[in-house]
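Asker: Have a look at this one.
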Amino acid sequence: DRLAHRQLSAPLAGGDAVAVGDFEGYVYFLARDSGAFIARHHTGSGAVRAAPVPLRTGPLVQTEEGGLFALAL
């Protein structure tokens, strides 16, 4: 329920976590087995609409304003 109405992107599962972005530019990391929140990062660069792309170190996220963010837990 904490992510209701957040207009989420498609998720990216990798390792023990799932990454998903929202309309305010936040990227959430959730535990894959329980769905518990692990971390949150604000890009400050517009909505995240596209699914994160996997990199070796974590997801690559693109915002609507053209920002690229390589994230890691």
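Asker: What is the percent carbon and sulfur in the accessible area of the chain, measuring with a 1.4 Å probe over the protein chains and ignoring ligands?
Answerer: It is 51 percent, rounded to a whole number.
Asker: Expressed as a whole percent, how much of the Cα-Cα distance distribution for the chain exceeds 20 Å?
Answerer: 18 percent
Asker: With an 8 Å Cα cut-off and a minimum separation of 6 or more residues, compute the relative contact order for the chain in percent.
Answerer: It comes to 25 percent, rounded to a whole number.
Asker: Next question. Please list, by residue number, every one of the chymotrypsin sites (Phe, Trp or Tyr not before Pro) in the stretch 2-31 that is coil in DSSP and has at most 10 other beta-carbon atoms within 10 Å.
Answerer: Here no loop site has a sparse enough neighbourhood.
Asker: Moving on to the next point. Using the charge dipole of the chain (Lys, Arg: +1 at Cβ; Asp, Glu: -1 at Cβ; taken about the Cα centre), state which of ALA47, ALA13, LEU68 has its Cα farthest towards the positive end.
Answerer: Projecting each Cα onto the dipole axis, the largest value belongs to ALA13.
Asker: Measuring with a 1.4 Å probe in the full set of protein chains, what accessible area per residue, in whole Å², belongs to the stretch 30-73?
Answerer: So the stretch 30-73 comes to 66 Å² accessible per residue, rounded to a whole number.
The values are calculated or read from the model by the stated rules, or taken from the named source; none is laboratory data. Source: prediction; values computed, not measured. Glycine gets a Cβ as well: all are built from the backbone with ideal geometry, and neighbour counts include every protein chain shown. The protein model used for the area step is the full one, side chains on, heavy atoms only, and it has no ligands, DNA or RNA in it. Shrake-Rupley method; radii C 1.70, N 1.55, O 1.52, S 1.80 Å.
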